[in-house]
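A short worksheet on the structure shown next.
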Amino acid sequence: MTRQALFLAFLLLSSAYAFIKGDQPERIGAATLLGGASLTVLVASPLGTRFHGVESGILIIDMSILGIFLWLSIRSTRFWPIWIAAMLGAEVVIHVALVIAPEVVPRAYMHALALWSWFAQLVLVIATWRHRRRLMRLGADVPWKS
């Protein structure tokens, strides 16, 4: 099974888990990551030139998703959105670094971006699991700051 197929399976399973077992912040996070991954496929350069230069479409998506997770980290009572925002910040820095050092091997650029997507999905799974634990332990888990 290819890495892309494994990531797709992980993306779908982690998003389904967050949609079914999470509260609003987890669902918003899942929808954002799922939507971002879907849009990334649509805006990526054609196969022959993909990752040979800054992927501006992917950069715009990454910055938009970063904004959503920054908003979630400010408005929700959860701590995990700031972790995903930090990962997305690292992705944006990778895009900027390619402008500074354009001789980077395209495959290294691609893998550097992809790495953070795996970690973001893992954080979402852990966040949803912790939400469930708080619900069982406390009976409630307030999602938003007042």
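The values are calculated or read from the model by the stated rules, or taken from the named source; none is laboratory data. Here the structure is a predicted model, which means the values were calculated and not measured. We place every Cβ from the backbone using ideal geometry, glycine too, and count neighbours over all the protein chains shown. Protein only, heavy atoms only, side chains kept; ligands, DNA and RNA dropped before computing areas. Shrake-Rupley method; radii C 1.70, N 1.55, O 1.52, S 1.80 Å.
Here are some notes:
- The local environment of Gly22, defined by Cβ-Cβ distances under 15 Å, has a net charge of +4 under the rule Lys, Arg +1 and Asp, Glu -1.
- Electrostatic bookkeeping for Met63 treats Lys and Arg as +1 and Asp and Glu as -1; over the other residues with beta carbon under 13 Å from its beta carbon, the sum is -3.
- Per-residue ³J(HN,Hα) for the range 64-72, Karplus 6.51 cos²θ - 1.76 cosθ + 1.60, θ = phi - 60°, Hz, x for Gly and Pro: 5, 5, 4, x, 5, 6, 5, 4, 4
- Against the chain, whose longest principal axis is taken from its Cα atoms, helix 24-43 shows a tilt of about 20°.
- Per residue solvent-accessible surface (Å²) - the chain, probe of 1.4 Å: 58
- Hz values of 3J(HN,Hα) by residue in the range 75-87 - Karplus curve (6.51, -1.76, 1.60), Gly and Pro given as x: 8, 8, 8, 8, 8, 4, x, 5, 5, 5, 4, 5, 5
- Computed over protein heavy atoms with a 1.4 Å probe, the carbon and sulfur contribution to the accessible area of the chain reaches 73%.
- Phi-based couplings in Hz for the range 108-114 (Karplus 6.51, -1.76, 1.60; Gly and Pro marked x): 5, 4, 4, 5, 5, 6, 5
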